[in-house]
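For reference, the structure is listed below as C-alpha cells.
The values are calculated or read from the model by the stated rules, or taken from the named source; none is laboratory data. Keep in mind that this is a model prediction, so the values were computed, not measured. Here the Cβ is made from the backbone with ideal geometry for all residues, glycine too, and neighbour counts use every protein chain on show. When the accessible area is computed, the model is the full protein with side chains, heavy atoms only, and any ligands, DNA or RNA have been set aside. Shrake-Rupley method; radii C 1.70, N 1.55, O 1.52, S 1.80 Å.
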Amino acid sequence: MKKVHIFNAGPCVLPESALDAGVQALQDFRGTGMSVLEISHRTKEWDAVMDETRALWKELLNIPDTHEVVFFGGGASMGFLLVAMNFLRTRAAYLETGVWARKALKEAKGLGDAYAVASSADRTYSYIPEFTIPSDVDYFHITTNNTIYGTSIKEDLDSPVPLIADMSSDIMTRRVDVSKYAMIYGGAQKNVGTSGVSFAIVRKDLLEGRDKYIPTMLDLKTYVDNGSMFNTPPVFPIFIMNETLKWLKAQGGIDAMHALDEKKAAMLYDEIDRNSLFAGTADKKDRSIMNVCFVPSPGKEHLEAGFLEFAKAHKIVGIKGHRSVGGFRASIYNACPIESVRALVDCMREWEEINR
C-alpha cells in the first residue's frame with residue numbers, strides 16, 4: 001500500500017500491481033534467472049512482452065489496422081521533432097494552448113514553415129481558444145491536455161488535413177477515434193507507465209513515398225518496420241507499461257476508467273468551487289480531468305506555503321503548481337485512487353476551518 005497520496009504531474013502514481021511485477025522482474029524476469037535489466041531484447045521472452053504490449057494498446061484503444069503502435073525514447077519532446085521530421089513538407093499549423101504546445105511549434109519552426117492558428121497565451125493558457133483548421137497545410141497539431149494549466153480538448157476533431165495530437169497526459173482516459181488521427185504520441189509517465197519510454201500511434205500509409213532524407217532514428221518508418229527494436233528499446237519502462245495496461249484492462253478498460261476519472265475530477269472541482277480559500281484557474285468548460293489547477297482565493301495568497309506544508313503533514317505530496325504559474329496542481333491520473341482525492345478534499349476542508 002502507498003504510504004502517501006501522490007499527485008505528481010509526472011512521473012505519475014503507478015498501480016500497485018505494476019510496481020509489484022516490476023520488483024519481481026528486477027530479481028527474476030519470467031523464470032529466466034535474469035533480471036529484466038539483464039535480459040537480451042533479442043529473446044523470445046522479450047518478444048512476448050513487446051507483442052503483448054502492442055496488442056494491449058490496440059485492444060484498449062480499438063486501433064485500426066491502418067495504424068501501428070511504436071515505442072521510442074526521448075519523451076514527448078522527442079515526439080515534437082519526430083512530428084516535424086516526418087510530416088512537415090511545406091507548411092504546418094499548430095494550436096498553441098500551453099508551454100508544451102509552444103515547444104512543439106518551436107521544433108517545427110526550426111525545420112520549416114509552421115505557425116499557430118490560435119493561442120490562449122493572452123490569459124496564461126487558461127482556456128482553449130476558438131480556432132479554424134486550415135486546409136492548405138501538411139498537418140494540424142494539437143495538445144489535447146495541458147498539464148501545467150489544467151485545460152483540455154475533450155473530443156476528436158474533424159480535420160480536413162492530417163491531425164496530429166500530443167496525448168501525453170490524457171491517453172487511455174477516454175475513448176478515442178484513432179482513425180481521425182495521422183499520429184497520436186506522448187510520454188508514458190502520466191497514464192501508461194513510467195518515464196523512459198514514449199509511444200506513437202501512426203497511420204502507416206503516410207510514411208510511404210516521402211522524397212526527403214530523414215535520419216534513421218528520427219524516421220518513424222524505422223520503428224514501424226523494426227517493431228520498435230531497430231536498436232535496444234527502453235526495456236524496463238516498456239515492461240512497466242505492459243503491466244500498467246494489463247491493470248487498466250482489469251479495471252474494465254477505458255470506459256470504466258473514464259467514468260472514475262470524471263468522478264474524481266468532479267469531487268475535487270466541487271471542493272475548489274465551494275471552499276472560500278481556493279479558486280480554480282481554468283475556464284470551467286475547458287477544465288482537465290487529469291490536472292486540476294487552483295490557487296489561493298484573492299486575499300488569501302499568504303496561505304499558499306502554509307497549505308503545502310499542511311498537506312504534506314497529511315501525507316499528500318506533489319500538489320505544488322508548476323514553477324511558471326505557482327499555486328497548486330493535483331494530477332489525478334488513472335492510477336490515482338479515489339481515496340487519495342478524498343484525502344485531499346478533506347485536507348482542504350480542514351484547512352478552511354483552521355483559517356476562517
Exercise. Taking only the stretch 310-330 into account, find how many residues are open to solvent by 10 Å² or more (accessible area, probe 1.4 Å) and farther than 19 Å from residue 150 by Cα.
Key: 5
Practice problem: Could you please tell me which pairs satisfy a Cβ distance under 6 Å, a separation of 6+ or placement on different chains, a first residue in the stretch 331-348 that is without any contact (Cβ under 8 Å) to a residue 60 or more places away in the chain, and a second residue that is open to solvent by 20 Å² or more (accessible area, probe 1.4 Å) and outside any helix (DSSP H, G or I)? | Solution: 347/314
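For the condition of a type outside the set (Lys, Arg) and under 17 Å from residue 246 (Cα atoms), what is the one hit in 61, 37, 26?
61
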Exercise. Determine whether the stretch 120-129 contains at least one residue that is among the hydroxyl-bearing types (Ser, Thr, Tyr), over 19 Å from residue 62 (Cβ atoms), in contact with a Cys (Cβ under 8 Å, 6 or more places away or on another chain) and buried (at least 22 other Cβ atoms within 10 Å of the Cβ).
Key: no
Quiz item: Can you pull out the residues in the stretch 27-53 that are without any contact (Cβ under 8 Å) to a residue 24 or more places away in the chain, in a helix (DSSP H, G or I) and surrounded by 14 or more Cβ atoms within 10 Å (Cβ to Cβ)?
Solution: 45
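Yes/no matrix, rows are residues, columns are (1) on the phi < 0 side of the Ramachandran plot; (2) crowded, with 18+ Cβ neighbours inside 10 Å:
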| position | (1), (2) |
| --- | --- |
| 100 | yes, yes |
| 111 | yes, no |
| 174 | yes, yes |
| 193 | no, yes |
